[in-house]
Structure formats: C-alpha cells, structure tokens
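Colleague: Take this structure first; my questions come after.
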C-alpha cells in the first residue's frame, strides 16, 4: 500500500501493476515481442 | 489491382528503402490523408535530411502496400513508472513514426507485419547502437489497437489521452542473451 500512497494509481493501473508483479503481463509481453521479432526477421529487406 | 485473400508476406512481400521512382506511389491511398501526402510529398525530403527513414512494403515487386517511417529518439524516464528505474534521464529508443497501409490492402495484416518488422529492427539496433525501447505517438483512435493487439504500454497526459506508447525491449533481450 505504500506505493499507492507515494504515487496514486488509477484502479486499472493498480490491477495491471499487481498483474505485472505476479509476472502475467511481463510474460505476455515477452512472448509477444519474441513472436514479433521472429516474424519480422522472416521478411526480405533490400538495404 | 488484385488483392489476395491471404498475403504470403514471407514469399511475396519485399521491403525497400523509399527511393524516388523505384515504385509508383502516385496512386497510393490510405485512410489518413495526412499520411497519404506524407509518403508522396515529405517522406523523401525527411530521408535526405536524415530526419526519418521510410521503408516501403512491396507485394510481388509491383504494388506498394504500405510504408513505415522510423527514426531514433528517446523518452524521458519520468514519463512512466516503468521507465523510472533507468539510470539516465532519457531512455534511448526507436520511434515508430508514420505507418500506413494502402487502402485496398487493409484488413490483411499489413499493419501488424510492418510493426513486427520494426520490432526486429529495434532489436537489431539495440545491440549495435543502444536502443532499449520501441515507441510511438499514436494518432487519435489507434491506441486501442496498439495496446490490445500489439501490447504497447500507453502513456497518458493529464487529460487521460494516450500520447505515447512503448515497449521495453529488455523483456526480449534478456531472454535471447
């Protein structure tokens, strides 16, 4: 609760922060970036 | 122009740096008139001034089906609590600038594919130059797509409007190092 007192958060932000602390959002984003990079690297680039 | 139901990006789409007269963009139309005029009138000028570099996505070496402009940039770490822990005031990153899909080719994942390619570019730069985030300043009405489909983290102004969105690339870099 100390964090909330220092930097007030909206409810949805609080929920997201808790989810991140539990690792859910971070995992989802990591997986997303991994897929995106893999897909992006498959494309042919003419530099 | 015949638009396939499904685009085989790996096989049929090539990415080129924007060049004068390399591909015909005179009839390029997209849902945002400003972005339509950008590629026709300003993108090449920005490129020659090294302000932004524009890459065109070309289907079967013929049709420009979309473009994306990228540039180096940064965010101030006070802009979001997730950036607060950075040791320096500014967090270096790649700016995903203007991005547009040719109107007839909308709803075929062209936009998503272009963003995915920009992710791969950002990762490429991150080990050669220093590029910790990928970020953008969304036009009105597109932030939901970026947050829900592309998982960008929104930064809102004091009125609650999303003004910037970012991805921290460390999530990927830590896994791959």
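Colleague: May I ask you to list the residues in the stretch B:4-21 that are touching a residue at least 60 places away in the same chain (Cβ under 8 Å) and either within 11 Å of chain A (Cβ to nearest Cβ) or within 12 Å of residue B:64 (Cα to Cα) (or both)?
Modeller: Scanning the stretch B:4-21 gives B:9, B:13, B:15.
Colleague: Counting only residues that are within 14 Å of chain A (Cβ to nearest Cβ), in contact with a helix residue (DSSP H, G or I) (Cβ under 7 Å, 6 or more places away or on another chain) and modelled with pLDDT under 95, how many does the stretch B:78-118 have?
Modeller: 2
Colleague: Can we say residue B:7 is surrounded by 17 or more Cβ atoms within 10 Å (Cβ to Cβ) and assigned to a loop (DSSP other than H, G, I, E, B)?
Modeller: yes
Colleague: While we're here: Say whether the condition of being in a strand (DSSP E or B) and free of Cβ contacts under 8 Å to residues at least 60 places away in the same chain is met by at least one residue in the stretch B:121-134.
Modeller: yes
Colleague: Condition first: within 13 Å of chain A (Cβ to nearest Cβ), in a loop (DSSP other than H, G, I, E, B) and more than 21 Å from residue B:71 (Cα to Cα). Now tell me which residues in the stretch B:135-176 satisfy that.
Modeller: B:149, B:158, B:160
Colleague: Separate question: Looking at residue B:73 and the list (1) more than 13 Å from chain A (Cβ to nearest Cβ); (2) modelled with pLDDT of 95 or more; (3) closer than 17 Å to residue A:43 by Cβ, which single condition is not satisfied?
Modeller: Against the list (1) more than 13 Å from chain A (Cβ to nearest Cβ); (2) modelled with pLDDT of 95 or more; (3) closer than 17 Å to residue A:43 by Cβ, residue B:73 comes up short only on (3).
Results for (1) at pLDDT 95 or above; (2) surrounded by 14 or more Cβ atoms within 10 Å (Cβ to Cβ); (3) within 27 Å of residue B:33 (Cα to Cα), shown as yes or no for each residue.
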| position | (1), (2), (3) |
| --- | --- |
| B:120 | yes, yes, no |
| B:125 | no, yes, no |
| B:130 | no, no, no |
| B:151 | no, yes, yes |
| B:157 | no, no, yes |
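Colleague: State whether the residues of the stretch B:153-176 include one that is in contact with a strand residue (DSSP E or B) (Cβ under 8 Å, 6 or more places away or on another chain), without any contact (Cβ under 8 Å) to a residue 40 or more places away in the chain and closer than 19 Å to residue A:39 by Cα.
Modeller: No: zero hits.
Colleague: How many residues, within the stretch B:33-44, are out of contact with any strand residue (DSSP E or B) (no Cβ under 6 Å at 6 or more places or on another chain) and either exposed (fewer than 11 other Cβ atoms within 10 Å of the Cβ) or under 19 Å from residue B:139 (Cα atoms) (or both)?
Modeller: Of the residues in the stretch B:33-44, 6 are out of contact with any strand residue (DSSP E or B) (no Cβ under 6 Å at 6 or more places or on another chain) and either exposed (fewer than 11 other Cβ atoms within 10 Å of the Cβ) or under 19 Å from residue B:139 (Cα atoms) (or both).
Here is a yes/no grid of residues against (1) part of a helix (DSSP H, G or I); (2) within 14 Å of chain A (Cβ to nearest Cβ); (3) at positive phi:
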site	(1), (2), (3)
B:40	yes, no, no
B:44	yes, no, no
B:50	no, no, yes
B:56	no, yes, no
B:64	no, yes, no
B:69	no, no, no
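Colleague: Kindly provide the set of residues from the stretch B:10-27 that are modelled with pLDDT of 95 or more and surrounded by 13 or more Cβ atoms within 10 Å (Cβ to Cβ), ordered by number.
Modeller: Once the filter is applied, which keeps residues that are modelled with pLDDT of 95 or more and surrounded by 13 or more Cβ atoms within 10 Å (Cβ to Cβ), the stretch B:10-27 yields B:12, B:13, B:14, B:15, B:16, B:17, B:18.
The values are calculated or read from the model by the stated rules, or taken from the named source; none is laboratory data. What you are looking at is a predicted structure, and each value in this text was computed from that prediction instead of being measured. Positions of Cβ are generated from backbone atoms using ideal geometry, with glycine treated the same way; all protein chains shown enter the neighbour counts.
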